[in-house]
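Encoded as structure tokens, the structure appears first; notes follow it.
Read-outs throughout are calculated quantities, based only on the coordinates presented, and are distinct from any laboratory measurement. Since the model is a prediction, treat every value here as computed from it, not as a measurement. Quick reminder, even Gly has a Cβ in these numbers, built from the backbone with ideal geometry, and neighbours come from all protein chains shown.
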Amino acid sequence: MMDSQQLLAEYARNGSDAAFRELVTRYVDLVYSTALRLVEGDTHRAEDVTQTVFVDLSRKAQTLPADVRLGGWLHRDACLVTGHTLRGERRRQSRERQAAEMNALQNQSEADFSLVAPLLDEAINELGEADRTAILLRFFEQQDFRTVGQALGSNEDAARMRVTRALEKLEEFLKRRGVTTSATSLGMVLAANAVQAAPVGLAVTISTAVTTATTTIATHTTMHWLNLKSVTSIVAAAIAAGTATHLVQEREADRLRSENQNLVAQQNQLTAERDAALSAASQRNDEIEQFRKDKNELLKLRGEIGGFRKQVVEIGKLREENERLRATSAGKVQPSSEALVERMVIYRGGKSFPKAAWAFAGYADPEAALATWTWAMNKGDKNAMLASLAPESQPEWQKLFEGQSDDQTAKQFSQGAEKLAGYTLHSRQMIPENEAVIAFVMDLPNGSQSGEQKMKVKKMGEDWRIVGPAKE
């Protein structure tokens, strides 16, 4: 299979149509995609650019270097052709726009001619003799200021001042009749439109009339023609000036109207965004308030549970005291629990506490103290663990925590708890002086259990605290 340079050489040397078709097939997507991006998605114009680029390739194939990178050359030529095409299109659009504006201005002037013509004719007639002569010589006969000055018996500067004052008088007259313009604009319009080409054949007709008529009639006809031409030119000039002013005002009004609409749209968008933000903030505040209420309710429930457990213990004590009093009243005195050397409570089949159910249980009895201790170790909470210990056991654990941050301690104990699935109570043995030994095993995730462990618990006032592993 021939590469692109070989195909280009074959086409340049032998004019091979097959080689050129293969080049087009390989690179048409590259050229078309480049053109399509540059013309902003105009597919028809992109196709025209693509055709032009490959025409350039066919014309320049023999002059391209043998080692040319054809993809790069085609990309660069596509950019050049597109730029040239867009510049030509912009020039054409500019010419069409200017022509449309000129046609619109001319059409507007023709539409208002019948209304403005009587005012301009009257304005010319209101001028004094010298001012009227200066206007006619300057704009209708197209004479320079030196010639106007000579006709008025003055110099060039005086003629310029005379024409300026005459234009200002025309401006004031038209303004009183409702036509707004300026002396400068009026002068420019008169200079551009005062004299227009006469119809073909009109000069011959006039020459014949002058030849055959008497001197008086010829003079009268000529003056009448000049007056008619003057009125026509002035009317056209005023129409153009008034129309230009109207167009400027209309464009400014359109621009201000568009800006106002944009500002209103921006205001509406900002209002909607503000309302959405306020609504979202209100929802977040409601959620935070609900979370706060739930937390307070949870703490309240925990306090009530601790109180219930204390009540259960008190009820047990009262029941025991009641039994002892009954036995005493019957003449059968039973020894109190403090008088017993030991008392054994055996949990038949075991009493299990899965890890998912571990929670703060208070310190109302030995089992609750052990449950709170395992919960604190699972969380890795140093303060909670120390609070679960008897005072004589706390220094040893404080040394264990030395040099460790709260996060390090939590990570260490949490990793250890991951190896456990829960624990199961076997028995509780009460011994004198308000102490107890709880026997239990740790439940493992694989369903097995560790060896039996024993934990010594001590009563401190109304609560129980962990002392540590019981010694045999």
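Quick notes on this structure:
- Pairwise Cα inverse-distance average, inverted: Kirkwood Rh of the stretch 252-324 (Å): 18.3
- For a modelled paramagnetic label at Met1, 7 Å from Cα along Cα-to-Cβ, the residues of the stretch 12-49 in reach, with backbone nitrogen under 18 Å, are 18-30.
- If you plug the beta carbon distance of Arg292 and Glu314 into 1/(1 + (r/R0)^6) with R0 = 30 Å, you get a FRET efficiency near 0.35.
- From most to least packed by mean Cβ count within 10 Å, the peptides 91-98, 67-74, 420-427 give 420-427, 67-74, 91-98.
- Of all lysines in the structure, not one lies under 28 Å Cα to Cα from Lys60 without also being fewer than 8 positions from it along the same chain.
- Comparing the stretch 340-469 with the 2.2 N^0.38 Å rule of thumb, its C-alpha radius of gyration ratio is 1.05 (two decimals).
- Full extension of the chain between Glu129 and Glu392 gives 81.7 nm of extra length, using 0.36 nm per residue less the Cα-Cα distance.
- Along principal axes, Cα extents of the stretch 4-101, largest first, whole Å: 55, 23, 21
- Length-normalised contact order of the stretch 340-469 in % [C-alpha pairs under 8 Å, at least 6 apart]: 30
- FRET efficiency for the pair Gln404 and Ala384, taken as 1/(1 + (r/R0)^6) with r the Cβ-Cβ distance and R0 = 22 Å, rounds to 0.90.
- Separation between Cα centres of the stretch 411-472 and the stretch 1-44, rounded to whole Å: 85
- Where labels lie 7 Å past Cα in the beta-carbon direction, separation of Gln266 and Asp56 in nm: 4.2
- Evaluated at q = 0.17, 0.19, 0.33 Å⁻¹, a Debye calculation over the C-alpha positions of the stretch 1-47 (equal weights, vacuum) places log10 I(q)/I(0) at -0.56, -0.63, -1.08.
- Between Gln415 and Arg97, the contour length at 0.36 nm per residue exceeds the Cα-Cα span by 106.5 nm.
- Straight-line cross-link partners of Lys355 among the aspartates and glutamates, defined as a Cα under 19 Å from its Cα and at least 8 positions apart when in the same chain: Glu367, Asp381, Glu418, Asp443, Glu452.
- In this label model, Arg255 and Leu278 are separated by 3.7 nm, measuring between points 7 Å along each Cα→Cβ vector.
- Highest average packing first - 131-144, 350-363, Cβ atoms within 10 Å: 131-144, 350-363
- Of Lys295/Lys411; Lys310/Lys456; Lys351/Lys454; Lys317/Lys459, pairs whose Cα-Cα distance is over 18 Å: Lys295/Lys411; Lys310/Lys456
- Neighbours of Val68 by Cβ distance under 15 Å: Lys/Arg scored +1, Asp/Glu scored -1, total +1.
- Positive minus negative residues near Glu168 (Lys, Arg vs Asp, Glu; Cβ under 12 Å): +1
- Charge dipole of the stretch 4-101 about the Cα centre (unit charges at C-beta), most positive-ward option of Pro65, Gly88, Ala19: Gly88
- By average C-beta atoms within 10 angstrom, highest first, the peptides 154-167, 445-458: 154-167, 445-458
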